[in-house]
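Quick notes on the structure that follows.
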Amino acid sequence: MMKKIFTRPKALTESPFHYCPGCSHGIVHRLVAEVIDELGVADDTVGVCPVGCAVFAYNYFNVDMFQASHGRAPAVATGIKRSLPDRIVFTYQGDGDLASIGTAEIVHAVARSEKFTSIFINNAVYGMTGGQMAPTTLIGQKTTTTPAGRDQEETGFPIKMSEMLSTLDGAAYVARVSVHSPQHIVKAKKAIKKAFEIQMSGKGFAMVEVLSICPTNWGMSPSESLKWLEENMIPYYPLGVYKEPAEVK
Amino acid sequence: MLEEILMAGFGGQGILSTGQLLANAGMMEDKHVAWIPSYGPEMRGGTANCGVSISDQPISSPLVTEPTTLIVMTRPALEKFGKAVVPGGRILINSSLVDQDIDRDDVLVMKIPANKIAEEIGNPRVANNIILGAVLELTGIVKIESVVESLKKVLPPRRHNMIPANQEALERGAALAKELK
Amino acid sequence: MSKILMKGNEAIGEGAIRAGCRHFFGYPITPQSELPHYLAKRMPEVNGVFLQAESEVSSINMVYGAAGAGKRVMTSSSSPGLSLMQEGISYLVGAELPCVVVNIMRGGPGLGNIAPAQGDYFQSTKGGGHGDYKLITLAPESVQEIIDLMAKAFDLSDQYRNPVMLLGDGVLGQMMEPVELGDIKDVKQTEKTWAASGMKGRNKPNIINSLYIQPEDCEDMNEKLFAKYAEISGKEKLWEEYQLDEADIVLVAYGTAARICKSAVDKAREKGIKAGLVRPITLWPFPDNVIADAASSANNVLTVEMSMGQMVEDVRLAVNGTCPVHFYGRSGGMVPLVSDVLAEIEKLAAGGDR
């Protein structure tokens, strides 16, 4: 008899992803869904999706979902969690959403140590609106609004959100992971699971920043993109755990 | 019957709470009342004013722009509002704090050295109620007993020992007004 | 029950508690601050949630979260804060979420001032944010009416799954008047089967969303909203008629301006001028039929607002040319005097040129 070794997580619907070939969103969606399955919390989970490429995430996660206005997912999640303290609440946000238009909301959600989990996709570019400079775009990186490459004299420097947010006392768990190789995907899943567990234990705010690729807007093939992430993003955005509760160490 | 009383002075003089006390007393007599403060940055230490309307009819506009009675606790308040009082109205001046006259002969002007009298009573905090007592006597708008009753309601029980001094203040003010009549 | 003296802003808070609201998110701004002060003390007494947000933008999005989770929720602000909330309000409408939004209006535009004004009528009644929508807009004139309208505000918002605006001004928020609170009653709330609060055994997720990527779907959504609005217009208009008997001059005013007009009407009647007042209590739906009726037998209509003239446009539409519609207003935080309004009435009565 054949053994089924790979199947769709229950926390994902049957809807096929709309994401471009090579995009990391599909991987990260799956990791979040697997964690929800493993923790057995699908019935108690409420997700909040952003404005950006993941705007349709409510079609993919098989849990109750909100679609939030651009950048405000942490405020929406605050409203949900304060209304339903025993539910598991997560936001799923991109770099334009969390690190540009939504900086106030994420900073203050962390400062208040809101007990929800944020999954932060950093692919160094705006996807849905057409490849513009993101707050996380690297110096020298070409985008549709930095056609000659990002110049710090003109547009300043990329924001390191994990480092920044981990300085806040309200942050219980902050980690940066990547999904550019199978080993890193395994580590990423562990971090996401820990971020959910920390919420469930009531320890406070948890965020996992996931370095991701955008072959379409980077103008590269998926395999070139994976290499570019490893060689360019990781040196600027070092992987690791930036904050964790003392007792978890 | 509609009495529109404007109380004006500095923040910290207890103007707003004296106004609330009067409004509360009116309410206890089943009259229609409204209280409205000046608000905003100016109430954080600067000027403080409030308007109290008391009537046997529903009060249409709660804003006191043309007072029938003005109580002033500072010189700027007299300068600012002295002209707004309706002809035939009253201006009560705390002459312990304001040494200025007002050049109007179409209103009743009464000067009360309220802080001095309050010291005689032995409690400087009852100065406002000396003036309030005079207002009650001049207008007949509410009874002194109603103000004393509402003091029992608005003051927390641990401060009820303040009530006799306040009652004395109201009566002293009323007596002064009676002489003037 | 005996009466107590209460500030308008506090009455909004107590009225909300009595309407079963247990969630409040807001950001400080004058002249509505007594409301958050009150609820910061009051919410913990009823095991409710009071949260000071980092901005009005966050407040309204926290409201979106709590409303979508199925809770009775309220936020409050004053004019500039409402401008910041407009995107969120549009999302609430698009996702058909109930909530109550309070605007204690102040002088504008810009930072303006903190004095009472009515310059946000357009913003409140014509949509305010992007897209085609309406807010049910309630405009109380007294502290007692605030108490009486709060339960209605929450009920209407739940019934029609649309935000309700409670629109007042600095006078209404700051003034104290006697109120009869009545007994605290159990609040019957409709079950919100659509809420995204965790599936809890449901086999299909609930989704709180205002994205309709296909234009056909988005048009359907707009038509659904406007069918709802037609029903609301038919059923939910509220107004007060004051001294309208044989009124030759019909005043139209709401909130604080209406109180001033009542004084002016009384004084005009004392002088033998037949003046009366229509006071819209719902600014949307607008009681246009009542105004049209009153105008049909009048010589003149006079709209009085604490603005440069906003509601007057709706009054003109309602009157539809059957008699002249005049306007008197003060703006920027200035409040009309009874004597000024009376002077306008006397000019009209004399048939003079305003």
TODO: Within segment A:30-61, work out how many residues are outside any helix (DSSP H, G or I), buried (at least 24 other Cβ atoms within 10 Å of the Cβ) and either out of contact with any Asp or Glu (no Cβ under 9 Å at 6 or more places or on another chain) or among the acidic types (Asp, Glu) (or both).
DONE: 3
Task: The lone exception for C:Pro109 - which of (1) surrounded by fewer than 24 Cβ atoms within 10 Å (Cβ to Cβ); (2) farther than 23 Å from C:Phe226 by Cα; (3) in contact (Cβ under 8 Å) with a residue 24 or more places away in the chain it fails - done: (3)
Open item on the list: Need the failing condition index for C:Gly112 against (1) under 18 Å from C:Gly168 (Cβ atoms); (2) in contact with an Asp or Glu (Cβ under 8 Å, 6 or more places away or on another chain); (3) part of a loop (DSSP other than H, G, I, E, B), just the number.
Closed with: (2)
- [ ] Could you grab me the full set of residues in segment A:90-119 that are over 25 Å from A:Gln132 (Cβ atoms) and either within 11 Å of the chain's Cα centre (by Cα) or part of a loop (DSSP other than H, G, I, E, B) (or both)?
- [x] A:Phe90, A:Arg112, A:Ser113, A:Glu114, A:Lys115, A:Phe116, A:Thr117
TODO: Kindly indicate whether B:Leu138 is under 14 Å from B:Ala175 (Cα atoms) and out of contact with any Asp or Glu (no Cβ under 6 Å at 6 or more places or on another chain).
DONE: yes
Task: One residue from B:Thr18, B:Thr47, B:Thr68 being within 13 Å of the chain's Cα centre (by Cα) and more than 23 Å from B:Asn166 (Cα to Cα) - done: B:Thr68
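In the set A:Glu230, A:Glu224, A:Glu209, which member is surrounded by 14 or more Cβ atoms within 10 Å (Cβ to Cβ) and closer than 28 Å to A:Arg87 by Cα?
A:Glu209
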Open item on the list: Can you tell me which residue is farthest from the chain's Cα centre (by Cα) among those in segment C:327-349 that are modelled with pLDDT of 95 or more and either aliphatic (A, V, I, L, M) or over 30 Å from B:Val86 (Cβ atoms) (or both)?
Closed with: C:Ala349
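In this structure, does C:Ser59 turn out to be within 14 Å of another protein chain (Cβ to nearest Cβ) and either part of a helix (DSSP H, G or I) or under 29 Å from C:Met334 (Cα atoms) (or both)?
Answer is yes for this residue.
Can you name every residue in segment C:62-88 that is at the interface with chain A (Cβ under 7 Å from one of its Cβ atoms) and either in a loop (DSSP other than H, G, I, E, B) or basic (Lys, Arg) (or both)? Can you show your working first?
From segment C:62-88, those at the interface with chain A (Cβ under 7 Å from one of its Cβ atoms) are C:62-66, C:68-69, C:71, C:87-88; that's our starting set.
Across segment C:62-88, the qualifying residues are C:Ala69, C:Lys71.
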TODO: Have a look at C:Lys200, C:Lys185 and point out the one that is within 14 Å of chain A (Cβ to nearest Cβ) and over 19 Å from the mean Cα position of the chain (by Cα).
DONE: C:Lys200
Open item on the list: Here are the criteria: (1) part of a loop (DSSP other than H, G, I, E, B); (2) surrounded by 22 or more Cβ atoms within 10 Å (Cβ to Cβ); (3) not polar (S, T, N, Q). Tell me which single one C:Pro178 does not satisfy.
Closed with: (1)
Open item on the list: Is it the case, given these coordinates, that C:Ala115 is of a type in the set (A, V, I, L, M, F, W, C) and touching a residue at least 40 places away in the same chain (Cβ under 8 Å)?
Closed with: yes
Open item on the list: Of all residues being within 21 Å of C:Met175 (Cα to Cα) and part of a helix (DSSP H, G or I) in segment C:122-150, which is farthest from the other protein chains (Cβ to nearest Cβ)? Just the residue, please.
Closed with: C:Met150
Open item on the list: From the list C:Asp220, C:Asp248, exactly one residue is more than 18 Å from the chain's Cα centre (by Cα) and either free of Cβ contacts under 8 Å to residues at least 12 places away in the same chain or not assigned by TED's automatic domain parsing to the domain that holds C:Gln310 (or both). Which is it?
Closed with: C:Asp220
Task: Residues of segment C:302-326 satisfying the condition of being under 15 Å from C:Asp340 (Cβ atoms) and over 21 Å from the mean Cα position of the chain (by Cα) - done: C:Leu302, C:His326
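Working carefully through the options B:Gly19, B:Gly89, B:Gly12, find the one that is under 20 Å from B:Asn128 (Cα atoms) and within 14 Å of chain C (Cβ to nearest Cβ). Even if it seems obvious, please write down each step before you answer.
Values: B:Gly89 fails: within 14 Å of chain C (Cβ to nearest Cβ); B:Gly12 fails: within 14 Å of chain C (Cβ to nearest Cβ).
Every option except B:Gly19 fails the conditions.
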Open item on the list: It is to be established whether one or more residues within segment C:299-306 are closer than 17 Å to C:Gly168 by Cα and either of a type outside the set (D, E, K, R) or out of contact with any helix residue (DSSP H, G or I) (no Cβ under 9 Å at 6 or more places or on another chain) (or both).
Closed with: yes
TODO: Pairs only if they're at least six apart or on different chains, beta carbon under 7 angstrom, first in segment C:137-158 and at pLDDT 95 or above, second in a loop (DSSP other than H, G, I, E, B) and of a type in the set (Phe, Trp, Tyr); list them, first residue then second.
DONE: C:Ala139/C:Tyr254
Open item on the list: Looking at C:Val315, C:Val265, C:Val338 in this structure, which one is surrounded by 19 or more Cβ atoms within 10 Å (Cβ to Cβ), of a type in the set (A, V, I, L, M, F, W, C) and out of contact with any strand residue (DSSP E or B) (no Cβ under 9 Å at 6 or more places or on another chain)?
Closed with: C:Val338
- [ ] Working only within segment A:79-108, note down all residues that are touching a strand residue (DSSP E or B) at 6+ places or on another chain (Cβ under 9 Å), over 17 Å from C:Gly68 (Cβ atoms) and facing chain C (nearest Cβ under 10 Å).
- [x] A:Gly102
- [ ] Looking only at segment A:118-127, decide whether some residue is surrounded by fewer than 24 Cβ atoms within 10 Å (Cβ to Cβ) and touching a residue at least 12 places away in the same chain (Cβ under 8 Å).
- [x] no
- [ ] Scan segment B:60-94 for residues that are under 20 Å from B:Asn129 (Cβ atoms) and surrounded by fewer than 16 Cβ atoms within 10 Å (Cβ to Cβ) and jot them down.
- [x] none
Open item on the list: Looking only at segment B:31-55, count every residue that is at pLDDT 95 or above and not hydrophobic (A, V, I, L, M, F, W, C) and tell me the total.
Closed with: 5
Task: Residue tally, condition more than 27 Å from A:Val110 (Cβ to Cβ) and part of a strand (DSSP E or B), over segment C:1-56 - done: 4
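Within segment C:189-215, count every residue that is outside any loop (DSSP other than H, G, I, E, B) and touching a Phe, Trp or Tyr at 6+ places or on another chain (Cβ under 7 Å).
To start, the set of residues in segment C:189-215 that are outside any loop (DSSP other than H, G, I, E, B) comprises C:207-208, C:215.
From what's left, touching a Phe, Trp or Tyr at 6+ places or on another chain (Cβ under 7 Å): C:207-208.
Total meeting the criteria: 2.
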- [ ] Would you tally the residues in segment A:81-98 being in contact with a Phe, Trp or Tyr (Cβ under 9 Å, 6 or more places away or on another chain) and without any contact (Cβ under 8 Å) to a residue 40 or more places away in the chain?
- [x] 2
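The values are calculated or read from the model by the stated rules, or taken from the named source; none is laboratory data. These numbers were taken from a predicted model, which means no experiment stands behind them. Every residue, glycine among them, receives a Cβ derived from its backbone with ideal geometry; neighbour counts consider all protein chains shown.
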